1. Condition check: in contact with a strand residue (DSSP E or B) (Cβ under 8 Å, 6 or more places away or on another chain) and modelled with pLDDT of 65 or more. Does Ser244 satisfy that?
2. Being under 23 Å from Ala198 (Cβ atoms), surrounded by 17 or more Cβ atoms within 10 Å (Cβ to Cβ) and not hydroxyl-bearing (Ser, Thr, Tyr) is the filter here, so list the residues in the stretch 154-167 that pass it.
3. Please verify whether the stretch 131-153 includes one or more residues that are among the aliphatic types (A, V, I, L, M), open to solvent by less than 40 Å² (accessible area, probe 1.4 Å) and touching a Cys at 6+ places or on another chain (Cβ under 9 Å).
4. Between a first residue in the stretch 202-218 that is in contact (Cβ under 8 Å) with a residue 60 or more places away in the chain and a second residue that is of a type in the set (Phe, Trp, Tyr) and buried (at least 24 other Cβ atoms within 10 Å of the Cβ), which pairs have beta carbons less than 7 Å apart while being 6 or more apart in sequence or on different chains?
5. Kindly indicate whether His207 is open to solvent by 10 Å² or more (accessible area, probe 1.4 Å) and under 14 Å from the mean Cα position of the chain (by Cα).
6. Counting only residues that are aliphatic (A, V, I, L, M) and outside any loop (DSSP other than H, G, I, E, B), which one in the stretch 50-79 is nearest to the chain's Cα centre (by Cα)?
Amino acid sequence: MTIANPITGAETSEARHLARGRARVRKPPIPLRPLHRMWRRTIDEVEMVRVELPVRQLPAGLEGLVACQISDFHVDRDEDLHRLEQAVAAINRQRPDLVFLTGDYFSGPVTMRRYIGEFRRALAQLAPAAGVFAIAGNHDHWSSFGMISQALTGAGARVLSNESAPVNLGGERIVIVGIDDLWARRAEPSRAFREVRAEDCTIVLAHNPDTALYARHLMPGVMLSGHTHGGVVRIPFYGSVIKSILRIGEQFYAGLNRYGDFYIYTNRGLGTFWLRIRINCRPEISRFRLTRLAAEQAAEEVIEQYPPRRRRRGARA
């Protein structure tokens, strides 16, 4: 059994490795196979979520810019690598201007060492017009972000660790700001913004949505996050059964949400961790079309009540 590369159509060594891995998987008993197929669909069928993304101070010339985000890959098994390869192919079909990778590429050092080569080769297939930008998640620091950063750079991504990168598109300037991970005690929002000008439009990458608690005074244009896996199990009219991940509020577990005078988008992630399960919470590729958030609209919709501020591990403003 062989598998063709989803982009080029050519067989690759990674594809052969995946095929061999799947061939070794024992099939469940016949009575359980329908349930098994249903379970596999919930963790393998990646949804392309199309979002009109409001960005404060977005230059008029960048209205309609296309960007994609993937997050929380957790490449710990052959199936996770295959899911990533399929996501890369789907992103390329969107022909985005920018691609954002928002952390948790592996769950730990053992799987990182096993898959880091194939991980780099998969991401090297990304082909946006203006670049790929990446940040760390908590699991990346618990593995070895030095090795992961080298792989990301080798794949053509710009890795941002409490720093920013200006991008010029069609004569307009936008700044990508990458804030390091909050739970790993590496987040330094003020350092990340130190070269950002007051008039700049920013897209802020921060793995944990709670980072907004420490960055809101820096006037983000928009923030893109992951970390939550969408809440993993979502019950209609109730939401996620997991209630303790975020201080900022459980509504920020997934999707587009207003926080003060800017928006946060939380991607549901590609992979799984610990519990290999998703219910009403499919893995996600976010496909953004950038739109302008007018200053007067931002001022009208400011949230007046923020969560109470208390000391939290991992944050240095």
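1. On the way: in contact with a strand residue (DSSP E or B) (Cβ under 8 Å, 6 or more places away or on another chain): no; modelled with pLDDT of 65 or more: yes.
For Ser244, the condition - in contact with a strand residue (DSSP E or B) (Cβ under 8 Å, 6 or more places away or on another chain) and modelled with pLDDT of 65 or more - is not met.
2. Leu160, Asn162, Glu163, Val167 - these are the residues of the stretch 154-167 that are under 23 Å from Ala198 (Cβ atoms), surrounded by 17 or more Cβ atoms within 10 Å (Cβ to Cβ) and not hydroxyl-bearing (Ser, Thr, Tyr).
3. Looking only at the stretch 131-153, we keep the residues that are among the aliphatic types (A, V, I, L, M), and these are 132, 134-136, 147-148, 151-152.
Imposing the further condition that a residue be open to solvent by less than 40 Å² (accessible area, probe 1.4 Å) reduces the set to 132, 134-136, 148, 151-152.
Pick out the ones that are also touching a Cys at 6+ places or on another chain (Cβ under 9 Å) and you get none.
No, every residue in the stretch 131-153 fails to be among the aliphatic types (A, V, I, L, M), open to solvent by less than 40 Å² (accessible area, probe 1.4 Å) and touching a Cys at 6+ places or on another chain (Cβ under 9 Å).
4. Within 7 Å, the pairs are Leu205/Phe100; Leu205/Phe133.
5. Working: open to solvent by 10 Å² or more (accessible area, probe 1.4 Å): no; under 14 Å from the mean Cα position of the chain (by Cα): yes.
The answer is no for His207.
6. Within the stretch 50-79, the first condition is being aliphatic (A, V, I, L, M), and the residues that meet it are 51, 53, 55, 58, 60, 62, 65-67, 70, 75.
The next check asks that each one be outside any loop (DSSP other than H, G, I, E, B); those that pass are 51, 53, 55, 60, 62, 66-67, 70.
On the way: Val51: 14, Leu53: 15, Val55: 17, Ala60: 26, Leu62: 22, Val66: 15, Ala67: 12, Ile70: 4 Å.
Filtering first and then ranking leaves Ile70.
The values are calculated or read from the model by the stated rules, or taken from the named source; none is laboratory data. Computed from a predicted model, the values in this text were never measured in an experiment. All Cβ positions, even for glycine, are placed from backbone atoms using ideal geometry, and neighbour counts span all protein chains on display. These area figures cover heavy atoms from the full protein model, side chains too; ligands, DNA and RNA do not enter into them. Shrake-Rupley method; radii C 1.70, N 1.55, O 1.52, S 1.80 Å.
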